[in-house]
Structure formats: C-alpha cells, structure tokens
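**Student:** Encoded as structure tokens, here's the structure I'll be asking about.
Laboratory data are not the source of any read-out in this text; all were calculated from the coordinates shown. Note that this is a predicted model, so its numbers are computed, not measured. Note that we place each Cβ from the backbone using ideal geometry, even for glycine, and neighbour counts take in every protein chain shown.
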Amino acid sequence: MVIRACRTNVSWEGLVAGLLILSALGAASMANDPPDFSGLWKLNSGSSDFAGETAPESKIQRVEQRGNSLDVTIDEISGGNPAHGTSHYTLDGKEGVNVVFGNPLKATVTWEGAVLVMRTWGDFGGAAILLIDRWSLSPEGKILIIARHFEGRGRTVDQRLVFDRR
C-alpha cells in the first residue's frame with residue numbers, strides 16, 4: 001500500500017475511522033480464508049474417542065495443502081502391523097479416486113466455512129462403505145480434530161480423532 005501526503009479536509013477522526021474500516025475488512029477477508037491443514041500431525045489417543053473401536057498404536061499424518069490440492073500421507077501401526085498410504089484430493093468438490101489397499105474409493109472434498117468435509121465411498125474388501133470426515137483446526141492451529149462418521153460392514157461408528165502438530 002502506498003500512502004501519499006496531500007492536503008485535504010479529512011479530520012484525524014475521519015482518517016482513523018477509515019483506517020479502522022480498512023483493517024476490519026482485511027481481518028474479515030483473512031477470517032474467510034480456509035485454514036491450511038499442512039503439517040505433520042501425530043494422533044493423540046488419550047484425547048481421541050474411538051467409539052469402542054481399537055485405537056492404533058501410532059498414527060502420523062503428513063498433510064500438504066497447496067492451492068486447490070490436498071495430499072495426505074498416513075503412517076500407522078495397528079495390531080503390530082505397519083501401514084502406509086498416500087491420498088490426493090482437490091478442494092473444489094470434484095470427484096476423485098484413491099486406491100486404498102487395492103480398493104478404489106471415490107472421494108469429494110468441500111468446505112463448510114472453516115471445516116473441510118471429506119466424503120469417501122466405495123467397495124472396501126467386499127463391503128460398501130461411506131466415510132465422512134470433518135476436519136477442523138483449534139484456534140491456535142496446533143490441534144487437528146477429525147470428526148469421523150463411518151457406515152459399513154453392518155455398523156455405524158462416530159469417532160473423534162485428535163492430532164497434535166509436531
């Protein structure tokens with residue numbers, strides 16, 4: 001922003017009020033920008049709610065968000081077995097496909113305000129599944145919360161997964 005000195009009849013009060021309005025507009029614009037989930041996130045099992053399901057021994061998510069692109073790499077150990085996977089999404093609601101353990105699953109990602117909503121569905125191991133993840137960040141950006149809804153294999157499960165920024 002360039003400010004030039006000029007003679008005008010604007011009072012200090014008017015100038016201050018104008019600057020406050022510009023500042024508020026800038027803050028409102030920033031507040032409407034979607035959050036950036038990029039980072040390395042470690043599952044906090046003690047703060048999470050697995051809804052009766054077995055918690056993994058460890059889970060790390062690496063999230064890379066660039067423009068309209070979201071890449072998620074997961075390293076998890078569950079039941080003593082390590083698993084690794086990477087998924088790619090676009091943030092514009094367009095349908096995409098990720099292959100998870102040999103199973104092609106469709107997905108869309110949309111925004112509801114500051115909440116990222118990821119819908120995943122398809123056939124996984126011979127059973128139809130639906131997974132809806134709602135991602136949100138704590139105000140300081142150090143905690144990622146995923147409210148997960150799962151339907152499939154004859155059951156419905158709602159979990160709350162809490163990740164700490166590493």
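**Student:** Select from segment 122-153 the residues that are among the charged types (D, E, K, R), under 15 Å from the mean Cα position of the chain (by Cα) and over 23 Å from E95 (Cα atoms) and list them in ascending order.
**Tutor:** Within segment 122-153, E140, K142 meet the criteria.
**Student:** Which members of segment 115-136 meet the condition of being touching a Pro at 6+ places or on another chain (Cβ under 9 Å) and either of a type in the set (K, R) or closer than 22 Å to A55 by Cβ (or both)?
**Tutor:** Hits for segment 115-136 are W135, S136.
**Student:** Then there's this: Got at least one residue in segment 99-107 being under 24 Å from E57 (Cα atoms), free of Cβ contacts under 8 Å to residues at least 60 places away in the same chain, outside any strand (DSSP E or B) and touching a Lys or Arg at 6+ places or on another chain (Cβ under 7 Å)?
**Tutor:** no
Here's the yes/no breakdown for (1) exposed (fewer than 15 other Cβ atoms within 10 Å of the Cβ); (2) not polar (S, T, N, Q):
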position: S48; (1), (2): no, no
position: S78; (1), (2): yes, no
position: N81; (1), (2): yes, no
position: G85; (1), (2): yes, yes
position: V97; (1), (2): yes, yes
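**Student:** Could you tell me whether any residue of segment 154-164 is assigned to a strand (DSSP E or B), more than 13 Å from the chain's Cα centre (by Cα) and crowded, with 18+ Cβ neighbours inside 10 Å?
**Tutor:** No: segment 154-164 contains no residue that is assigned to a strand (DSSP E or B), more than 13 Å from the chain's Cα centre (by Cα) and crowded, with 18+ Cβ neighbours inside 10 Å.
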